[in-house]
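Student: Please read through the structure below; I'll follow up with questions.
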Amino acid sequence: MAQLPLQFRLNGSDVAVFADEADNLLSVLRGKVGDLTPKFGCGQGGCGACMVSVDGKTVLSCVTLAQNVQGRDVESLAGLSGEQLDPLQTAFMDGFAAQCGYCTPGMIVAARALLRRNPNPDRDDIVEAISDNLCRCTGYEPIIDAIQLVAAQERGTRA
Amino acid sequence: MAIHKGRGTCAMNYPIGMNLGGDPSQALVHSNPEGKFTVALSSIDLGQGMKSVSRQVAAETLGVPVEDVYVDTADSDTGPHCMGSFASRGTHRVGNAVIAAAKEARAIMLEAAAEELEVNAADLVTDGQGNIHVKGAPGNSISTQDACNAAQFKYGQSVSGRGIFLIPMSDVDPDTGEMSTVSCFAHTAMIVDLEVDDETGEVSNVRINSAYEVGRALNPKLVEQQLIGGAWMGLSHALYETTEPYYPSREHRPYSFSSYPMPGPGDLAQHDISILERPAPDGPYGGKGTGEMCANPVLPAVANAIYDAVGVEMDELPITPEKILRAIHEKQRQGA
């Protein structure tokens, strides 16, 4: 299959790789760029473990063609934390919002996207925002609580 | 056509572990040159917190901070044998094995400390902060690291321990069928309230109130987390999940998450939990197991609540709207 030169920004840095025409974004991120934060869950767009943002909108990278991100801005979980963890990561840890941890990167990407477009979400907004993301361990409650807590913190109010 | 409210209950005794050909778990503990400890296990942490609890149990027994213990579950080739993480046995069986191993290592560490401090090992205590001192005389003290290094470099002793915990195989009495399969039980009582729509068969507004008795909650936050998540799985088994919805006909078998119904964050039941602690005499620091027990009682309680709501006995899982509707229609047909 023809190899395509593919250039995009990942978490603010320029990335250039050769990809197959049929490569999906997840396999390029994990296999060619080496960003292992998006996870391979079902490979069918059904579980949300592979979620990343493209130009600020969340996508399921396992069902996104890699060539579609040509020249665009991709953000994964790795882009949310620099010197310090994203407050969502801290809240997930403190609130025991992860058990096996496999859904966590997608959950936090979805949650951060929500808080950027709606800093004042109610519980239903949060449920809606993570409804593409399956979690098998926690029963979701600690995850919803953690997102609610960070939303309140970032508004400067109490949960 | 109407929405019917129903309430169902379930109470259970949950046995920890299984009657296999004997139910053992093993642990090995040794000190490292920097004065820390490694616990080698082949028990598996699937996210339930087995590593955290083993670490706490080892630190408590050795008398060192939790930070000074590393639990290695890398491979069943590098850790001693364990039957596995199932039957809610991890905390109880593995915890007891870790205590046995850590006690043996601790005794060797205290012997070396006693030599260094020129006292009797029986008079020594640990402060849990990495120091060993003479009982009642905290000034007469040595660090666990110095004691472990003295053991190795001066006395030629390995600060290490082997631990096994075994519940032996219990034979079945041929006359009565009686056997003694377990060493301790955990307990649950649960009330489920829900609503059933007799037009669509849908179950909604599920609310769970429960009390779980778990021995001592060695890590209260992990216990709570496991109970919430596990009860959600139980609800999922009760109402949603099956890989063979039309068994034995397999044409409609789900093949992905899009056709395998599994509750999402919008399908949550409100769940209020009360955790009761009655430390088990044979448990590691009183701990039992919460694992499967958090999921199991939800299933009968949901079935009972549906019976209470619309008067149909559901004996096949999951209790889908279709099954409820068929049962309601069958009941009406018989009544007519």
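Student: For the list (1) modelled with pLDDT of 95 or more; (2) within 14 Å of chain B (Cβ to nearest Cβ), I need the number of the one condition that A:Gln44 fails.
Tutor: Answer for A:Gln44: the failing condition is (1).
Student: Give me the pairs: first residue in the stretch A:49-76 and polar (S, T, N, Q), second residue open to solvent by 70 Å² or more (accessible area, probe 1.4 Å), beta-carbon distance under 8 Å, and six or more apart or on different chains, which are they?
Tutor: Final answer for the pair search is A:Thr58/A:Asp132; A:Gln67/A:Glu21; A:Gln70/A:Gln7.
Student: Let me ask something else. Look through B:Gly264, B:Gly230, B:Gly234 and report the one residue that is within 28 Å of A:Ile126 (Cβ to Cβ), touching an Asp or Glu at 6+ places or on another chain (Cβ under 8 Å) and not aliphatic (A, V, I, L, M). Walk me through it before giving the result.
Tutor: On the way: B:Gly264 fails: touching an Asp or Glu at 6+ places or on another chain (Cβ under 8 Å); B:Gly234 fails: touching an Asp or Glu at 6+ places or on another chain (Cβ under 8 Å).
Result: B:Gly230 is the single residue among B:Gly264, B:Gly230, B:Gly234 that is within 28 Å of A:Ile126 (Cβ to Cβ), touching an Asp or Glu at 6+ places or on another chain (Cβ under 8 Å) and not aliphatic (A, V, I, L, M).
Student: Hey, does the stretch A:121-132 have a residue that's at pLDDT 95 or above, more than 10 Å from every other protein chain (Cβ to nearest Cβ) and surrounded by 18 or more Cβ atoms within 10 Å (Cβ to Cβ)?
Tutor: Yes; the residues of the stretch A:121-132 include at least one that is at pLDDT 95 or above, more than 10 Å from every other protein chain (Cβ to nearest Cβ) and surrounded by 18 or more Cβ atoms within 10 Å (Cβ to Cβ).
Student: Moving on to the next point. Taking the residues in the stretch A:47-71 that are assigned to a helix (DSSP H, G or I) and within 14 Å of chain B (Cβ to nearest Cβ) as candidates, determine which candidate is surrounded by the fewest Cβ atoms within 10 Å (Cβ to Cβ). Step through it out loud before you land on a result.
Tutor: Going through the stretch A:47-71, the residues assigned to a helix (DSSP H, G or I) turn out to be A:61-63, A:66-69.
Right, trim to within 14 Å of chain B (Cβ to nearest Cβ) and you get A:62-63.
On the way: A:Cys62: 24, A:Val63: 15.
For the stretch A:47-71, the residue satisfying everything is A:Val63.
Student: Please find, among B:Pro245, B:Pro261, B:Pro300, B:Pro284, the residue that is surrounded by 14 or more Cβ atoms within 10 Å (Cβ to Cβ), in contact (Cβ under 8 Å) with a residue 60 or more places away in the chain and more than 28 Å from B:Ala186 (Cβ to Cβ).
Tutor: Details: B:Pro261 fails: in contact (Cβ under 8 Å) with a residue 60 or more places away in the chain; B:Pro300 fails: more than 28 Å from B:Ala186 (Cβ to Cβ); B:Pro284 fails: more than 28 Å from B:Ala186 (Cβ to Cβ).
One residue alone meets the criteria, B:Pro245.
Student: Looking at (1) over 21 Å from the mean Cα position of the chain (by Cα); (2) buried (at least 19 other Cβ atoms within 10 Å of the Cβ); (3) farther than 30 Å from B:Leu235 by Cβ, which one does B:Val192 not meet, given that it meets all the others?
Tutor: Going through (1) over 21 Å from the mean Cα position of the chain (by Cα); (2) buried (at least 19 other Cβ atoms within 10 Å of the Cβ); (3) farther than 30 Å from B:Leu235 by Cβ one by one, B:Val192 breaks only (3).
Student: If you go through the stretch A:28-35 one residue at a time, do you hit one that is in contact (Cβ under 8 Å) with a residue 40 or more places away in the chain and either part of a loop (DSSP other than H, G, I, E, B) or assigned by TED's automatic domain parsing to the domain that holds A:Pro142 (or both)? Break it down stepwise before answering.
Tutor: Here is the first cut: in the stretch A:28-35, the residues in contact (Cβ under 8 Å) with a residue 40 or more places away in the chain are A:29, A:35.
If we keep only those that are either part of a loop (DSSP other than H, G, I, E, B) or assigned by TED's automatic domain parsing to the domain that holds A:Pro142 (or both) too, we end up with A:35.
Scanning the stretch A:28-35, I find at least one residue that is in contact (Cβ under 8 Å) with a residue 40 or more places away in the chain and either part of a loop (DSSP other than H, G, I, E, B) or assigned by TED's automatic domain parsing to the domain that holds A:Pro142 (or both), so the answer is yes.
Student: Here's another thing I want to ask about it. List the pairs whose first member sits in the stretch A:82-95 and is among the small types (Gly, Ala, Ser), whose second member is not in a loop (DSSP other than H, G, I, E, B), and whose Cβ atoms are under 7 Å apart, counting only residues at least 6 apart or on separate chains?
Tutor: Within 7 Å, the pairs are A:Ala91/A:Ala146; A:Ala91/A:Leu149; A:Ala91/A:Val150; A:Gly95/A:Pro142; A:Gly95/A:Asp145; A:Gly95/A:Ala146; A:Gly95/A:Leu149.
Student: Tell me yes or no: at least one residue of the stretch A:50-67 is touching a Gly at 6+ places or on another chain (Cβ under 6 Å), at pLDDT 95 or above and polar (S, T, N, Q).
Tutor: Of the stretch A:50-67, the ones touching a Gly at 6+ places or on another chain (Cβ under 6 Å) are A:51, A:60, A:62-63.
Narrowing the set further to residues that are at pLDDT 95 or above leaves A:51, A:60, A:62-63.
Still in the running and polar (S, T, N, Q): none.
No, the stretch A:50-67 contains no residue that is touching a Gly at 6+ places or on another chain (Cβ under 6 Å), at pLDDT 95 or above and polar (S, T, N, Q).
Student: Here's something else I'd like to know. Do we find a residue being crowded, with 18+ Cβ neighbours inside 10 Å, outside any loop (DSSP other than H, G, I, E, B) and either of a type outside the set (Gly, Ala, Ser) or more than 13 Å from chain A (Cβ to nearest Cβ) (or both) anywhere in the stretch B:177-184?
Tutor: Taking the stretch B:177-184 first, the residues crowded, with 18+ Cβ neighbours inside 10 Å are B:182-184.
Pick out the ones that are also outside any loop (DSSP other than H, G, I, E, B) and you get none.
Within the stretch B:177-184, none of the residues are crowded, with 18+ Cβ neighbours inside 10 Å, outside any loop (DSSP other than H, G, I, E, B) and either of a type outside the set (Gly, Ala, Ser) or more than 13 Å from chain A (Cβ to nearest Cβ) (or both).
Residue-wise test of (1) modelled with pLDDT under 95; (2) within 11 Å of another protein chain (Cβ to nearest Cβ).
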residue: B:Ser256; (1), (2): yes, yes
residue: B:Ser259; (1), (2): yes, yes
residue: B:Leu276; (1), (2): no, no
residue: B:Ala280; (1), (2): yes, no
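Student: Tell me which residues, restricted to the stretch A:133-157, are part of a helix (DSSP H, G or I), over 15 Å from the mean Cα position of the chain (by Cα), at the interface with chain B (Cβ under 8 Å from one of its Cβ atoms) and in contact (Cβ under 8 Å) with a residue 24 or more places away in the chain. Before the answer, list the steps.
Tutor: Looking only at the stretch A:133-157, we keep the residues that are part of a helix (DSSP H, G or I), and these are A:141-155.
Still in the list and also over 15 Å from the mean Cα position of the chain (by Cα): A:141-142, A:144-146, A:148-155.
Subset that is at the interface with chain B (Cβ under 8 Å from one of its Cβ atoms): A:141-142, A:144.
Hit for the stretch A:133-157 is A:Pro142, nothing else.
The values are calculated or read from the model by the stated rules, or taken from the named source; none is laboratory data. Only a predicted model underlies this, so the values are computations on that prediction, with no experimental measurement involved. Virtual Cβ from ideal backbone geometry, glycine too; neighbours counted across all protein chains shown. When the accessible area is computed, the model is the full protein with side chains, heavy atoms only, and any ligands, DNA or RNA have been set aside. Shrake-Rupley method; radii C 1.70, N 1.55, O 1.52, S 1.80 Å.
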